[in-house]
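Accompanying notes for the structure given below.
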Amino acid sequence: MEHLPVLQIVIPLLAAPVCVLLRHHATVRTFAVLVAWTCLGIALTLLAEVREGGTISYHLGNWAPPLGIEYRVDLLNAYVLVIVSAIGAVVMPFGFGTPEPGLRDGQHHLYYAAFLLCLTGLLGITITGDAFNVFVFLEVSSLAAYTLISLGQHRRALTAGFSYLIMGSIGGTFILVAIGMIYMMTGTLNMADIAERLPPVLGTRTIWMALAFLIIGVSIKLAVFPLHQWLPNAYSYAPPVVSAFLAATATKVSYYVLVRAIFTLFGAAFVFETMGMQRLLMPLALLAMFLGSIAAIYQEDLKRVLAYSSIAQIGYMTLGLSFANEDGLTGGLVHLFNHALMKGGLFLVVAGIVYKLGSSAIGDLRGIGRKMPVTMAAFVIGGLSLIGVPGTVGFISKWYLVLAALDSGSYVVAFMILASSLLAVVYVWRIVEVMYFQGDGESREGLSDPPLSMLIPTWVLIGGTIYFGFTTELTAGTASEIARMLLEGAK
Amino acid sequence: MTPPTAIGVAVLLPLLGAIGIQLTGKRPNLREAVTILTSLLTFGVVLTLVREVTSGSRPELELAEVLPGVALAFQVEPLGMLYALVAAGLWIPTALYAIGYCRGHDEQNQTRFFTCFALAIFAALGIAFSRNLFTLFLFYEVLTLSTYPLVTHYGNDEAKAAGRTYLGILLTTSVMFLLMAILWTWHLTGTLEFAPGGILNGKAEGPMVAVLLALYAFGTGKAALMPFHRWLPAAMVAPTPVSALLHAVAIVKAGVFTVLKVIVYVFGINFLDETDASVWLMYAASFTLLASSIIALTKDNLKARLAYSTISQLSYIVLGGALATSAGILGGGMHIAMHAMGKITLFFCAGAIFVASHKKNISDMDGIGRAMPFTMSAFFLGSMSIIGLPPMGGSWSKWYLALGAADGHHAIFIAVLMISSLLSIGYLMPVVGRAFLFPAKASEHDHGHAPASGPLSRIFPGLHEAPILCVAPLCLTALGCIALFFFAGDIYDLLLPITLEP
Amino acid sequence: MDLLGLWNYWAVIVLMMIGLYIVIARDNLVKKMMGLSIFQVSAIMLYVSMGKVEGGTAPILPADPSESDVLYSNPLPHVLMLTAIVVGVATTALGLAIVVRIYDAYGTVEEDEIGAVDRQES
């Protein structure tokens, strides 16, 4: 199957307009689910191929790079492809048989079209080896994401989507400018080629500006503090299923772009030693970890808690990156996977709660633990993973991050990582207490767990947080291999 | 069954029991039978491992390699064997007691209660048999989480607040200090496996050793070293069976077991002795020892007094470990068993008094010795063991602790031990004395509240004892205190090998 | 430093700053969209102007194929910008569509008034 790399994009891309044509609800839903599962299958195959045979290079239309567009799959993008498509495959069938949230009658085909376009864009960013292609797919996925977010029930979803559009477009344009500057100095858009042609011109101001624009642009998409303003509203007001999908994928792909840019294009030596980017990224990451967690403690809505928690978790990933040592990069990359599982699972839990209760305000959650035990158990386990209890994936991420801090000699940062996990205890346990304890006086008759079509995807992800907390071969094993590859291979 | 299988079965049985209890929740008698059966079977399987350990072998069982070099694995060694015997063994009388207490008190949510109990024992055995710091830490956290529903059992605001203190202190210390210490150990040595003689020799030196020890000692919040001791009195809002097994036996012993295990198998007794890194810990433990004994004197609530007594007794064990001498370690290890037996008796009595007469405060307990002679006699025997008087088991552990202090040329701690024994006489004996020697107070609590204890009140009219299921276990454990006096030699033989390592 | 010769970059900077200023400073959502468009145009200008080769002509093959000595400007940036323009159009269209829906829901497209309505509701 030599055309797999391009099929990874073409299948969801073509499936999107097909969705627009299919009007029947169940048909379009089944179709979308099948497409998502096919994408996962392709991603897994690609990962297996890369593990065995090394980097795959696919020339689009048989035009040879660097003039033609190349899809280049190495261990890093195969890993991210699997994460993105797996989340897509799990989220797409969520709530099969129940109405999609917030959609007016007769709009479901458009919803799935947007969903598949978003998936296409995300997969495209990951798989392409051409810098401008990254921009194009970035905009494709972002536009689809703005649409999906604006579909939320509350009218604030519209303003949230609009703010995200503004900020996201600014970010995208900054990335475009950065690509332009790199093109000016190297004459090529192919990433592998750029990596070869950059070293002689690394000392020019143009390249410094390119790095700056690129990091800022990606940071907006990644919601690195203080460019995170769009995230809390976007995740809170979007339909919960959309939040689950975006929280688990969009920021992960942006992180991938940052890693690719720093380690493959510019080289760790330039970014960290010459430009000293860790002096910018590390403090911002630490601020994100603490301020995000503290903000989460004071929120009154469950989705907002998870949104601010995401900002903190993105801080962890950025922190791992800024250490620029093997443990740090492994920690950041493994947290990519782990956070996708945790946040995806937790948002799906919220989706189930919203379906049953109609609200995700914490005050409305009193005592639902007894009537919805399966859902609540999922929340507790996801919460424990956020805290980083051993036996969950959260612990694995913390393990690598603290070791990275110790490796680079910063005991203070190590302590700070552990201290911020304790903040997670506060905001998670606050919700657990409300759900299990304050049950008197609330008539919860007739309340029960959401249907299986919702519970199964939720538990696939939550169960994953425990399973991959014990068998880390696929996640941490791959991540450390990638880290080693990035740190030595790319200068 | 082969020893490795026995390890797996021993740890798994309480977990399966927990599932069984959940499934039979609707039929109380069947559910209770599951608890009792599981506890008996678990203890039986744990017993089969004793012979292996005393003959010198160290059976192990590896379940999974979680991270490169970090495995979820079990290995049985003498200290863990002792802790496992204590936890699994005392689960049996506690199960009976809990059944009696819950029924006598008409408790709510009994299924959740017994399920979490079984899960806690599961975690305790996991800690006892852990082969490396990761496994120990994993089960340590499982223990904290599985006992939270027990502490907050009553579901009222007081329980919720206590639960917050409990979780807050235990999770904070375990994440900020213990996990930090574990990661630092990995960073220094590249391994987390316990090894005789320790793993830090040659990898750490100077003040770093003392700092690392501090992280371990304070990180083990369950050992209740001041200032991280507040969770223990807070947890007394739980029903008494919980206080008895968990806060006299399983949880707190997990804490001091961890401290001892780290001292013996991560630092190494000789390494610690050479570097003098634990001298500060001797003073910290002594401070906790004396301060909590003094606080115990001021408490009128019986359970609160026993709680502070527990904090004090735990520091005995930590002191024994800190002394870094063979006798100290042996004394500390022995005290795990002695204190467990003694304290559980005292807590059982406190609960029995509450069930029979609804009295919580010592000042109300004048003269109840006449109405509850079995209970108060058991209380007397348990107190003697805690104080350390022969012929109770506690005297042996005190003896070895004092010997350890002398060996290490730290004679001041012998004085500390002596003073604290006097203090413990001061806070325990009055309870017994007032119960038997003072006249009973006429109070409104007396009439009609003692559920007839069946056979006993038929034989002895005028007796207002707690139900037989409460009284029998506490008599058993009281006699156990005496029995341990004679079995101390066996415990000594069991533990001796850990002090002979390189 | 060839300040005047780099006038195209000055133009880019001016347009970018104007665009960003409008996005940040103006409350009217439609005006924000205009600002965003101006901002995106500045990036387009950057690419197009960088493609110009001094003395080069438009990158179209001459009518007489035998002419070999022609200097062309770089066609690649123009092509890239066709895509970018399309992206810009899509973004503007989507943004304005959301603005229309906001107007339906809130009755206004002024950001401060929208904020006031939200605060009143909560």
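Cβ-Cβ contacts under 8 Å between residues 6 or more apart (or on different chains), taken from a first residue in segment A:267-293 that is of a type in the set (A, V, I, L, M) and at pLDDT 90 or above to a second residue that is in a helix (DSSP H, G or I) and surrounded by fewer than 20 Cβ atoms within 10 Å (Cβ to Cβ), are listed as A:Leu286/A:Met416; A:Met289/A:Met416.
Being within 14 Å of chain A (Cβ to nearest Cβ) and surrounded by fewer than 16 Cβ atoms within 10 Å (Cβ to Cβ) is the filter here, so list the residues in segment B:35-70 that pass it. So that I can check it myself, show each step before the final result.
Of the residues in segment B:35-70, the ones within 14 Å of chain A (Cβ to nearest Cβ) are B:62-70.
Listed by number, the residues that qualify are B:Glu62, B:Leu63, B:Ala64, B:Glu65, B:Pro68, B:Gly69.
In segment A:146-191, what residues are of a type in the set (Gly, Ala, Ser) and touching a Ser or Thr at 6+ places or on another chain (Cβ under 6 Å)?
If we filter segment A:146-191 for residues that are of a type in the set (Gly, Ala, Ser), which is where we start, we get A:150, A:152, A:157, A:160-161, A:163, A:168-169, A:171-172, A:178, A:180, A:187.
Hits for segment A:146-191 are A:Ala157, A:Gly161, A:Gly168, A:Ser169.
The residues of segment B:136-166 that are within 7 Å of chain A (Cβ to nearest Cβ) and either within 30 Å of B:Glu62 (Cα to Cα) or not in a helix (DSSP H, G or I) (or both), listed by number, are B:Phe137, B:Leu138, B:Glu141, B:Gly155.
Being small (Gly, Ala, Ser) and more than 24 Å from the chain's Cα centre (by Cα) is the filter; apply it to segment A:36-54 and report the residue that is nearest to A:Gly124 (Cα to Cα). Can you show your working first?
From segment A:36-54, those small (Gly, Ala, Ser) are A:36, A:41, A:43, A:48, A:53-54; that's our starting set.
Add one more test, that the residue is more than 24 Å from the chain's Cα centre (by Cα), and what stays is A:53-54.
Details: A:Gly53: 22, A:Gly54: 20 Å.
Only one residue tops the list, namely A:Gly54.
List the residue pairs whose Cβ atoms are under 7 Å apart, where the first residue sits in segment A:357-368 and is farther than 16 Å from A:Tyr298 by Cα, the second is charged (D, E, K, R) and modelled with pLDDT of 80 or more, and the two are 6 or more positions apart or on different chains. Final answer for the pair search is A:Leu357/A:Asp364.
Which ones in segment B:167-187 are more than 9 Å from chain A (Cβ to nearest Cβ) and more than 21 Å from the chain's Cα centre (by Cα)? Before you say what the answer is, go through the steps one by one.
Just the residues of segment B:167-187 that are more than 9 Å from chain A (Cβ to nearest Cβ), to begin with: B:169-170, B:173-174, B:178, B:181-182, B:185.
Hits for segment B:167-187 are B:Ala181, B:Ile182, B:Thr185.
Can you find even one residue in segment A:37-53 that is surrounded by 18 or more Cβ atoms within 10 Å (Cβ to Cβ), at pLDDT 90 or above and closer than 28 Å to A:Pro101 by Cα? Yes, the conditions are met somewhere in segment A:37-53. Inspect segment A:125-137 for any residue being crowded, with 24+ Cβ neighbours inside 10 Å, more than 12 Å from chain C (Cβ to nearest Cβ) and among the small types (Gly, Ala, Ser) and give the result as yes or no. Yes: one or more hits.
Taking the listed residues B:Val209, B:Val249, the one that is at pLDDT below 85 and aliphatic (A, V, I, L, M) is B:Val249, with no other qualifying. Checked against (1) touching a Leu at 6+ places or on another chain (Cβ under 8 Å); (2) not in a helix (DSSP H, G or I), A:Ser359 meets all criteria but (1). In this structure, is B:Ala217 at positive phi, more than 14 Å from chain A (Cβ to nearest Cβ) and buried (at least 22 other Cβ atoms within 10 Å of the Cβ)? Answer is no for this residue. Residues satisfying the criterion are present in segment A:21-32 (criterion: at pLDDT 90 or above and buried (at least 17 other Cβ atoms within 10 Å of the Cβ)). Say whether the condition of being within 21 Å of A:Tyr255 (Cα to Cα) and within 22 Å of the chain's Cα centre (by Cα) is met by at least one residue in segment A:55-66. No, because not a single residue in segment A:55-66 is within 21 Å of A:Tyr255 (Cα to Cα) and within 22 Å of the chain's Cα centre (by Cα). Just give me the residues in segment A:416-431 being facing chain B (nearest Cβ under 10 Å), closer than 19 Å to A:Ser360 by Cα and without any contact (Cβ under 8 Å) to a residue 60 or more places away in the chain, in sequence order. Residue satisfying the conditions is A:Trp429 alone. The single condition among (1) surrounded by 13 or more Cβ atoms within 10 Å (Cβ to Cβ); (2) within 11 Å of chain A (Cβ to nearest Cβ); (3) at pLDDT 90 or above that C:Gly51 does not satisfy is (3).
Quick check on A:Gly106: is it assigned to a helix (DSSP H, G or I) and either in contact (Cβ under 8 Å) with a residue 24 or more places away in the chain or of a type in the set (Gly, Ala, Ser) (or both)? No.
Only residues that are more than 11 Å from chain B (Cβ to nearest Cβ), without any contact (Cβ under 8 Å) to a residue 24 or more places away in the chain and assigned to a helix (DSSP H, G or I) were counted in segment A:370-411, giving 1. Could you check segment A:72-104 and list, in sequence order, the residues that are more than 22 Å from A:Ala340 (Cα to Cα), touching a Ser or Thr at 6+ places or on another chain (Cβ under 8 Å) and either at pLDDT 90 or above or among the charged types (D, E, K, R) (or both)? Once the filter is applied, which keeps residues that are more than 22 Å from A:Ala340 (Cα to Cα), touching a Ser or Thr at 6+ places or on another chain (Cβ under 8 Å) and either at pLDDT 90 or above or among the charged types (D, E, K, R) (or both), segment A:72-104 yields only A:Arg72.
For the subset of segment C:64-122 comprising residues that are in a helix (DSSP H, G or I) and acidic (Asp, Glu), which member is nearest to the other protein chains (Cβ to nearest Cβ)?
Of everything passing the filter in segment C:64-122, C:Asp118 is nearest to the other protein chains (Cβ to nearest Cβ).
Please verify whether A:Ser169 is within 10 Å of chain C (Cβ to nearest Cβ) and touching a residue at least 60 places away in the same chain (Cβ under 8 Å), treating the condition exactly as stated.
Values: within 10 Å of chain C (Cβ to nearest Cβ): yes; touching a residue at least 60 places away in the same chain (Cβ under 8 Å): no.
When the stated conditions are applied, A:Ser169 does not pass them.
Only residues that are at the interface with chain C (Cβ under 9 Å from one of its Cβ atoms) and of a type in the set (Gly, Ala, Ser) were counted in segment A:141-166, giving 3.
The values are calculated or read from the model by the stated rules, or taken from the named source; none is laboratory data. Nothing here was measured: the structure is a model prediction, and the numbers come from that model. Cβ coordinates were reconstructed from backbone atoms using ideal geometry, including for glycine residues, and neighbour counts include every protein chain displayed.
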